[in-house]
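Everything below concerns the one structure shown next.
The values are calculated or read from the model by the stated rules, or taken from the named source; none is laboratory data. Since we're looking at a predicted model, the values are computed, not measured. Cβ: placed from backbone, ideal geometry, glycine included. Neighbour counts: every protein chain shown. Calculation scope for accessible area: heavy atoms of the full protein, side chains included, ligands and nucleic acids excluded. Shrake-Rupley method; radii C 1.70, N 1.55, O 1.52, S 1.80 Å.
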Number of protein chains: 2
Amino acid sequence: MAASPRITRCRTVDLRFPTSRFSIGSDAVNKDPDYSAAYCVLETDSSVEGHGLTFTLGRGTELCVMAIEFLSRFIVGRTLEEITTDMGAFARELTGDTQFRWLGPEKGVIHLAAAALVNAIWDLWARVENKPVWLLLAEMTPEQIVKCIDFRYIDDALSPEEALAILRHNEPTRAERIAFLREKGLPAYTTSVGWFGFSDEKIRRLCKEALAEGWTHFKLKVGGDPADDLRRGLLVREEIGWENKLMVDANQKWGVLEAIDRTTALKPLQPWWMEEPTSPDDILGHARIRRETGVRIAIGEHCHSKVMFKQLMQAGSIDVCQIDSCRVAGVNENLAIILMAAKFGIPVCPHAGGVGLCEYVQHLAAFDYIWASASLKDRVVEFVDHLHEHFLVPTRIERGRYMLPEAAGYSIEIRKESLQEYAFPQGTYWASASTTA
Amino acid sequence: MAASPRITRCRTVDLRFPTSRFSIGSDAVNKDPDYSAAYCVLETDSSVEGHGLTFTLGRGTELCVMAIEFLSRFIVGRTLEEITTDMGAFARELTGDTQFRWLGPEKGVIHLAAAALVNAIWDLWARVENKPVWLLLAEMTPEQIVKCIDFRYIDDALSPEEALAILRHNEPTRAERIAFLREKGLPAYTTSVGWFGFSDEKIRRLCKEALAEGWTHFKLKVGGDPADDLRRGLLVREEIGWENKLMVDANQKWGVLEAIDRTTALKPLQPWWMEEPTSPDDILGHARIRRETGVRIAIGEHCHSKVMFKQLMQAGSIDVCQIDSCRVAGVNENLAIILMAAKFGIPVCPHAGGVGLCEYVQHLAAFDYIWASASLKDRVVEFVDHLHEHFLVPTRIERGRYMLPEAAGYSIEIRKESLQEYAFPQGTYWASASTTA
């Protein structure tokens, strides 16, 4: 057997796409996102590399890049095998530096940075095994999966033994689900039709196009003027009808009381869920909104750790668990969250979009189906149709479903030309943008 | 009336003190802190300056410095009056940059940075008014205080009207409390006796000295070997007796279930409170530990926003609210937290120590007494006796009480010589440490 590759260097790139120029990604709070990433490449003493990124909105990406550079000290110089032998311990080490953790712990800039590195390790690992990450996970043993998880702070909700029981229960039938996924793919929904900055005409046109492409689940951004939210929602309903599902997303715009009023006012739209009605930190607030409106509640893209997800489940705050591939510290922490959701019976519908999030989350949603929930009922993965052209292995969507990648790795490697063009501020796009601005 | 000074520049310093060399500040999780600060100076077009800092533990301070430099764009070029006219709006602006907030929101590195800047504005404001911050607050009207608060995300727990009612209720008697504070000072407790890395002999000696100085409340770090924790606690009890108060602090060491066992095991010490038994994000976990052990629970130094404090109060998680002067976004956010605590009847016992935290929090504790709780019962401010020599207006302790400063500002300005010596990595201390290391 070949020696495990030794990681020799961590290269970073501050990568920014000028999406704000086209209102792509605009919502009630994030008005002008430039979809961006703190991107890293783990070089090794062999020809294989590991790629990872954490998603950002532009300004501040440099902070994540610096944090990645700091945290890379826990990786550079080690062999892949030294890390993968005990991934749970590695994850804890990466978030436990005795001085650095003061800046979190396990939240914000430093946790976003940890996500990029953890994911880069999984990319490297999967490449060495010559499998996509979802298949690497699918072919592990229950014991190996449990060993990837740091149970500290969550064992009151999910013990290692409980996790193992879920995995073992699903083990005998996993081959069927692997085969199903390869043939049929993962159900998905589209957010591309209803960005905040889009005109009515554009929304109508995009709805028509999406229906023709086979989409059945649609998300609309709300949180503006109340009458306008309702009008735009009804406009989407006119296009997609009432059999298809419509979700609404307020992107944290409201306080709890206002959220209750506004969510109630949108009930005529029959929303399949209300997403982020208030502060993502407000576990009790979401529970109250859910209780008082009777509308299904979805959050997760801004939930910063497994401890927050744990409480959302314990408090009865959510109907839908929107895991994020790089808000929490990457694959390992997501395995914990997905298994907790399985225990609590809450469907996982991953957050995606941005840049690279679709590429990432398909692997995690596959893990959920194969190992945790063993069900696709009420489970849809977000899809947003832009920036995929920058990836070597872009997502493949057919009739509103993610068709899983077979290429080795975590599908997150960005094309060299894109890195050269959109590296900030020295890339060719930004250099010429600043001279012409 | 003179024109309001215009802020012309924000100067920053990465400041690190080598406290880890003496086990100062050591606990079960933070084993080797180098007490540090991202420090900023707001220069103006007049001779007055505003100083602020956010406290860190060493590595990673550079991230907070960079974030301060980014956020200073919301300050530089404006007059003080343009900012102080609507401090609530200013606080929201500083935490609401549409791209930058993705890195939080309102947590971690970017929120620590916001704290330094908000506090620097208060320092500047108080200097212009020629008052210490506590007196500037004491002499405001209830309406002015309410206008400093951004009620978004907390109005389900405390509305502007409720805040106003608390303030108006206390207004007629505030002069008595101002006079009392000037004469008697604020009750305090000492953490200096029981750091994790201290020997038994050192703990005994420090207890004796502290008793002789008039201290009546003592805090001990726990979270090591169970038998050792108990032994060290009994050793402190031998020195201080059972009439004095002993608090224990686990610094987030345990999961919820372990925290319940370990807290129960320490009940023979009759702890006045158990501090940070588990993850600071675990609102429900703390509520459970409190319920199942019957021991008073204190947390706050790592609670990253008013939304988290709100829930700790709503969920019945805490008996003691440990506000932190620069974990949340400075004075404004702390006013909100202190008023919520008053509404919920939870005593505020500020976290201090580190570098500058004692200097800061005396102003906030005075606000609590004068305007919010109007009581000193069960209220003690943490005190740790080191690094005060670096401040122009260091805390003044007499017989275990903080004697309030009368000098204008927020007491946070650091001596020029200290900045030159401990600026990292170019200061004289670090430059010579690296050559001799």
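Computed values, structure above
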| item | result |
| --- | --- |
| Mean Kyte hydropathy of 0.5 or more with a Cα span along the axis of at least 24 Å, helices from DSSP in chain B | B:108-128 |
| Accessible area buried, both sides summed, chains A and B with 1.4 Å probe, Å² | 5400 Å² |
| Under the Karplus curve 6.51 cos²θ - 1.76 cosθ + 1.60, θ = phi - 60°, whole-Hz ³J(HN,Hα) for the range A:147-155, x wherever Gly or Pro sits | 5, 7, 9, 8, 7, 4, 6, 10, 5 |
| The range B:165-416, relative contact order [Cα under 8 Å, separation at least 6], % | 21 percent |
| Interface residues, the range A:53-71 - accessible area loss of 40 Å² or more versus chain alone, probe 1.4 Å | A:LEU57, A:ARG59, A:LEU63, A:MET66 |
| For residues of B:282-293, the mean tally of beta carbons on other chains within 10 Å | 3 |
| Sites matching trypsin sites (Lys or Arg not before Pro) across the range A:359-437 that sit in DSSP coil, with at most 11 neighbouring C-beta atoms within 10 Å | A:LYS377 |
| log10 of Debye I(q)/I(0), alpha-carbon scatterers only, for the range A:375-437 at 0.29 Å⁻¹ | -1.22 |
| Peptide A:299-310, shielding by other chains (average Cβ, 10 Å cutoff) | 3 |
| Relative contact order %, the range B:362-437, counting alpha carbon pairs below 8 Å whose residues are six or more apart | 20 percent |
| The range A:165-416 - share of DSSP beta bridges that are antiparallel (%, nearest 5) | 25 percent |
| 1.4 Å probe accessible area per residue over the range B:165-416, in Å² | 31 Å² |
| Compactness of the protein assembly as shown, expressed as Rg and Dmax over alpha-carbon positions, Å | 26.9, 82 |
| Highest-fluctuation residue, B:TYR369, B:TYR402, B:TYR153 considered, GNM on chain B with Cα pairs under 10 Å | B:TYR153 |
| Rounded to 5, percent antiparallel among DSSP beta bridges of chain B | 55 percent |
| Relative packing of peptides A:131-139, B:154-162, A:60-68 - highest average C-beta neighbours within 10 Å first | A:60-68, A:131-139, B:154-162 |
| Solvent-accessible area lost in complex, 10 Å² minimum, residues of the range B:99-124 relative to chain alone, 1.4 Å | B:GLN99, B:PHE100, B:ARG101, B:TRP102, B:LEU103, B:GLY104, B:PRO105, B:LYS107, B:GLY108, B:VAL109, B:LEU112 |
| Sequence-distant residues sharing a close amide H with A:GLY409 (under 5 Å, placed H) | A:ARG127, A:LYS131, A:VAL133 |
| Over chain B, relative contact order from alpha-carbon pairs under 8 Å, at least 6 apart, % | 19 percent |
| 24 Å Cα-Cα reach of B:LYS219 towards lysines, excluding residues that sit fewer than 8 places from it in its own chain | B:LYS31, B:LYS184, B:LYS202, B:LYS208, B:LYS245, B:LYS253, B:LYS267, B:LYS377 |
| The range A:165-416, accessible surface, carbon-and-sulfur percent (1.4 angstrom probe) | 51 percent |
| Ellipticity estimate at 222 nm from DSSP helix runs (n ≥ 4, -39,500 (n - 2.57)) divided over the protein assembly as shown, nearest 500 | -12500 deg cm²/dmol |
| Sequence-distant residues sharing a close amide H with A:GLU382 (under 5 Å, placed H) | A:TYR189, A:ALA352 |
| For the range A:39-94, accessible area per residue (1.4 Å probe, heavy atoms of protein chains only), Å² | 31 Å² |
| Long-range amide H partners of A:ARG396 with built H, under 5 Å | A:MET403 |
| Apportionment of accessible area to carbon and sulfur, the range A:51-147, percent (1.4 Å) | 47 percent |
